[in-house]
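The next block holds one structure in the form of structure tokens; read it before the comments.
The values are calculated or read from the model by the stated rules, or taken from the named source; none is laboratory data. These numbers were taken from a predicted model, which means no experiment stands behind them. Note that each Cβ is placed from the backbone with ideal geometry, even for glycine, and that neighbours are counted across all protein chains shown. Remember, those area values only see protein heavy atoms, side chains included, never the ligands or the DNA or RNA. Shrake-Rupley method; radii C 1.70, N 1.55, O 1.52, S 1.80 Å.
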Amino acid sequence: MTQRQSEQTPNPGRHGERPRPDGSDTADFGFEDVPASDKAAHVRAVFERVADRYDLMNDLMSGGIHRIWKAILLDRLNPRPSETLLDVAGGTGDLAEGYLRRGGRTAIVCDINAAMMTAGRRRAATTARRPDDLRWVCGNAEHVPLPTCSVHAYTIAFGIRNVTDRPAALAEAYRVLKPGGRFLCLEFSLPTLPLLDAAYEAYSFRVIPLLGEVIAKDRDSYQYLVESIRRFPAPSQFAGLVEDAGLARVKVQALSGGIATLTTGWRL
Ligand code: SAM
């Protein structure tokens, strides 16, 4: 492991969980360690608080670059008119909408947080070209409420970082994909270029929580965002988890100097 990788994972438990002295598990919640059984509730509360301002904050924080990353993912996926996408941790559904706009047949957004999907439905009522082909399902990535071998593509954008049991979520990705189906995950990572690294660090800790405070009236949620990025495994470690779940031909692509990473694979 490089020094850089070990810095990105101060607690490099392969599954993001660590045993406590009393034998129970903890999970990372930003820089805090919380009982693993509590993390989903903490994450749910974060996204409930920011749901109504989520899309606006995404554009402001990233200067719109998240749209380019999602377009790159959709380019790789190349939606086909006979295919169904499951977008897990799909939030307000912009990726799913993009999938339909590019010619996919059906897109299912699955998210643990009803408030995020309510905000998404409201937006999609005016922006989605084919709202009837966009479905919304409330569910946990660790127990996807869909049958085995039921979708052609599984995507998760900026969601896996928030999941408590990531191997369970990846096992579910494998389960719901049809043989020949594709897995695509976008997640934040840390820049690999030294100068970008320093600027990104300053921007993350000084500007993003401030934007959260001013725009979403919630500094803590955006502090969680920047901290959780630093606790997430390095791209090569995450790719190892994807392979462990049974996905094949796993590839990693750094985007924007490593600020985000696209990890792809296939269920063969
Ligand atoms: N995919 C959207 C995007 O790219 O804008 C939303 C990403 S947002 C940063 C993370 C989303 O993950 C939230 O909507 C949150 O409710 C959802 N989430 C967190 N934990 C989850 C879980 N265990 N299962 C399903 N969704 C989850």
Roll a 1.4 Å probe over the protein chains and send me the accessible area per residue for segment 13-146 in Å². 48 Å²
Of all alpha-carbon pairs in segment 18-163, indicate the percentage at a distance above 28 angstrom. 21 percent
Roll a 1.4 angstrom probe over the protein heavy atoms and tell me the percent of accessible area of the chain that is carbon or sulfur. 55 percent
Can you give me the relative contact order of the chain as a percent, contacts being Cα pairs under 8 Å and 6 or more apart? 21 percent
Sequence-distant residues sharing a close amide H with Gly181 (under 5 Å, placed H): Arg267
Along the charge dipole of segment 104-179, pointing to its positive end and built from +1/-1 on Cβ of Lys, Arg, Asp and Glu, which listed residue (Ala119, Phe158, Ala141) has its Cα farthest out? Ala119
With a cut-off of 8 Å between alpha carbons and a minimum separation of six or more residues, what is the relative contact order of segment 86-182 in percent? 31 percent
Between rounded, prolate and oblate, where does segment 147-268 land on the alpha carbon gyration tensor, with a ≥ b ≥ c its root eigenvalues, rounded for a/c under 1.5, else prolate if a/b exceeds b/c? prolate
Within the chain, how many lysine pairs that are 8 or more places apart, or on different chains, have C-alpha atoms less than 23 Å apart? 4
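Could you check what % of the DSSP bridge pairs in the chain are antiparallel, to the nearest 5?
On the way: 20 of 40 bridges.
Expressed as a percentage, antiparallel bridges in the chain total about 50.
Rounded if a/c is under 1.5, else prolate if a/b is larger than b/c, else oblate: which is the chain, with a ≥ b ≥ c the root eigenvalues of its Cα gyration tensor?
The shape class here is rounded.
Per residue of the chain, what 222 nm ellipticity follows from adding -39500 (n - 2.57) for every DSSP H run with n ≥ 4, rounded to the nearest 500? Write out the running numbers ahead of the final one.
Working: 11 runs with 116 residues, N = 268.
Rounded to the nearest 500, it is -13000 deg cm²/dmol.
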So, with points 7 Å from each Cα along the Cβ direction, the Lys178-Leu195 label distance in nm works out to 4.9 nm
Connecting C-alpha atoms closer than 10 Å in a GNM of the chain, tell me which of Phe205, Phe238, Phe183 has the biggest fluctuation. Phe205
Which of the three applies to segment 104-147, rounded, prolate or oblate, going by the alpha-carbon gyration tensor with a ≥ b ≥ c and a/c under 1.5 meaning rounded? oblate
Take the chain, connect every pair of alpha-carbon atoms lying under 10 Å apart with a spring to form a Gaussian network, then pick out the residue of Pro81, Pro209, Pro233 with the largest mean-square fluctuation. Pro81
Assuming R0 = 30 Å, can you tell me the calculated FRET efficiency for the pair Thr127 and Asp75, based on Cβ-Cβ distance, to the nearest 0.05? 0.90
For segment 207-213, take each phi angle, set θ = phi - 60°, evaluate the Karplus expression 6.51 cos²θ - 1.76 cosθ + 1.60, and give the result in whole Hz per residue in order, putting x for glycine and proline. 8, 4, x, 5, 4, x, 5
If the only charges are +1 at each Lys and Arg Cβ and -1 at each Asp and Glu Cβ, what is the size of the charge dipole of the chain around the Cα centre, to the nearest 20 debye? 1000 debye
Taking only the alpha-carbon atoms of segment 154-205, the convex hull volume per residue, in cubic angstrom, is 93 Å³
